[in-house]
1. List every residue whose amide H lies under 5 Å from the amide H of Val393, counting only residues 5 or more places away in sequence or on a different chain, with H placed 1.01 Å from N in the peptide plane.
2. Taking amide hydrogens as modeled 1.01 Å from N in the peptide plane, which residues meet the under 5 Å criterion relative to Asp330, leaving out close sequence neighbours?
3. Find which of Leu461, Thr216, Leu163 sits farthest along the positive direction of the dipole of the chain, computed with +1 on the beta-carbon of Lys and Arg, -1 on that of Asp and Glu, about the Cα centre.
4. How would Glu492, Glu109 rank on accessible area, largest to smallest, probe 1.4 Å?
5. Set Lys and Arg Cβ to +1 and Asp and Glu Cβ to -1, take the dipole of the chain about its Cα centre, and tell me which of Phe416, Pro701, Leu242 lies farthest positive.
6. Going by a ≥ b ≥ c, the root eigenvalues of the Cα gyration tensor, does segment 364-447 fall in the rounded group (a/c under 1.5), the prolate group (a/b larger than b/c) or the oblate group?
7. Determine the shape class of segment 522-627: with a ≥ b ≥ c the square roots of the Cα gyration tensor eigenvalues, call it rounded for a/c under 1.5, and otherwise prolate if a/b is greater than b/c, oblate otherwise.
8. Please go through the residue pairs Lys240/Lys412; Lys350/Lys425; Lys240/Lys425; Lys335/Lys425; Lys117/Lys359; Lys201/Lys425 and name each one whose alpha carbons sit more than 26 Å apart in this structure.
Amino acid sequence: MASDTTGRWDVLPSGKQGSLFEFSNPAEGKPSTRDSSAERALPPEVLARMRELVELLNRYNYEYYTLGEPSVSDEEYDRLYDELVALEKETGVILPDSPTQKVGGPILEGFPPHRHKNPLWSLDKVTSAAEFRDWYDRVLRAIAAYRAEHPEEDIPERPTLVLEYKFDGLTVVLTYEDGLLTAAATRGDGTVGEMVLETVKVIPSVPLSIPEKEGTFEFQGEAIMPLSALARYNEEHPEKPLKNARNGVAGALRNYDTTEVRKRQIDIYFYHVNYASRRTFRRHTEMLDFLQAMRLKVHPYHKVFTDVEELIREVEAFAPKRAELDIDIDGMVIKIDEIRLREILGTTAKYPRWAIAWKFPALEVVTRLVGVEWRVGRTGVVTPTAVLEPVPVGGVIVRHATLNNVEDIERKGLTFALGRKVRLKRSGDVIPMILGPAEDTPPDEEHRIRPPERCPACGALLERDGPFLYCPNTLSCPPQLARQIVHYASREAMDIEGLSEKTAELLVERGLVRTVADLYTLREEDLLTLPLFKERKARKLLAAIEASKRRPLSRFLYALGIHNVGRETARVLAKRFRTFDAVRRATFEELLEVPGVGEVIAESIVSYFREPHVQEVLARLAELGVEPLPEAEETHGPHPLAGKTVVITGTLSSMTREEAKARLEALGAHVTDSVSRKTDYLIVGANPGSKLAKAEAYGIPRLTEAEFLALLGG
Ligand SMILES: [Zn+2]
């Protein structure tokens, strides 16, 4: 495999790539790659030169990326490439298999479904030599039975077996029609997959055309991401690491940004001709030869066996060595070479009888647990990560392992495993799992894993909820803050319009907001330092923040993000206690009396308000004028405005528009900005606007301010 990390085309200045893409984008009405009439209009010598350049460059790519044996220097390649680019620009013609088409660009069409010409099989599997021998015996019996019935046919007694790697990647099928690559699809359900042609085209070793210029072919292969590329990718993206190479491939091929394919060094190994309109094969090895003749990449490891015991020895010797490969292998595939025997053996409802996957057990190693790190996530949950003595597993050096949660440590018998040897399993995932101790763990205090008492990020006292440890400080704990602000501002909570996730993250990142209360001290100048914030947008957001100071109590309680307190619990708490102070002072026992509040919720609420960090921010919120409105008195039956859609027009003398809105919402009414046929009531203040006329036209009942106040109960 070529180890080049940048790819030859990347030597072009990016401006050139951009113009190339534009050039070949049919949506722009520019010449398309399939415009053969444009080709015909060219002077024959120009077209011939372009054809020659495309063929030369494609051959050089093949030598470089598939064979790993370049025959020209990079300078020579670039010179020819530039000549081709210039000709394409000048003539407006791009030959369909021009290497300039491999540069890629944004994907506009998505990933539509694509039907395979023949269904793709999945393989039955075995996990031991004994199971494999059973499979082989079944094959021999089936062949013997056929031979007995058809003595006239010359059928071998024993099959030839081909042994290949079982790649842990993503199966893809490429279609070539009359020599040109016309489709590339994922396996999907085996019948219909997703079209990923645009991303597959960018893979350096994939040829846009093949030497066989007639007929239709479907070639099946496995797209893979090298483990070295995976390790590098995860180093560069610590915030969003890939779980394993398989996910890395799937994410690259289904990516709207085709450059990911290059970054992740995606490649494809082909191993099957799934459909051929004009060719038949007698042997699997013949197929592999054909694939190679078509310049497709075939993995060099494929061995032919006639002695089954020899094959078993090979598999067993290979299994422990697979960790040394730079690609993820989760087993071997054994296929019968003779196509005639495949026909005789046929298939079951699910699997072909002529092939079997021999799956390897997950890789297991032993290393020392040297420490446990505790991190607070965005949700406030504190997760332990094991720090290990570095150990090579499956081609990567492992330094960390997940421990999931506190309960997991206890359940796996790791409570006294600190500084001791542990068993580690890696099954294709980058972050391995600790299975349990690899030595005795007598309860010595020096080996005890001690969960922290305080939040490692903010110092708040941690709480335990079932298997989880969490930080209750939703108002100023740094890792939780951005997410909490988004929650606080959400429509069902304080309804601060214009406070997006991106904005919240920037506010926290730049230190403009260190607690939820800081939202209320933001100034226009602060917001203008953020990207995309102009005066209008900044003022709108500030007004929305200001308006959120008076919201119904239930919304405020929900907005605080108290662990285990959702909208419904917030609503019953507000109903029961009426004021924020009453909720805050409620004892564990008093809380238990509230319908729907059990011990877990009551404990969450009590410990929340007990936390000094929380108290501090709540005091600050009150100081800044955040004063939740008392919940409306519970009346007999629903309030007449509950569930009604209400619009306000004109100025109210007793309260602001926002306040009126909040009071209405506390009653369960929907407040909208414009009158429609669905409006139930229009509240009319002084100097009403055009809404009044519209409401009259629709015959919508009106309420004066006095009537509205009466309905509110004074
Ligand atoms: Zn914290």
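The values are calculated or read from the model by the stated rules, or taken from the named source; none is laboratory data. Only a predicted model underlies this, so the values are computations on that prediction, with no experimental measurement involved. All Cβ positions, even for glycine, are placed from backbone atoms using ideal geometry, and neighbour counts span all protein chains on display. Ligands, DNA and RNA are excluded from the accessible area calculation, which covers all protein heavy atoms including side chains. Shrake-Rupley method; radii C 1.70, N 1.55, O 1.52, S 1.80 Å.
1. Val398
2. Lys166, Asp168
3. Leu461
4. Largest accessible area first, the residues go Glu109, Glu492.
5. Final value for the positive-end residue is Pro701.
6. Oblate, because a/c is 1.5 or more while a/b does not exceed b/c.
7. prolate
8. Lys240/Lys412; Lys350/Lys425; Lys335/Lys425; Lys117/Lys359; Lys201/Lys425
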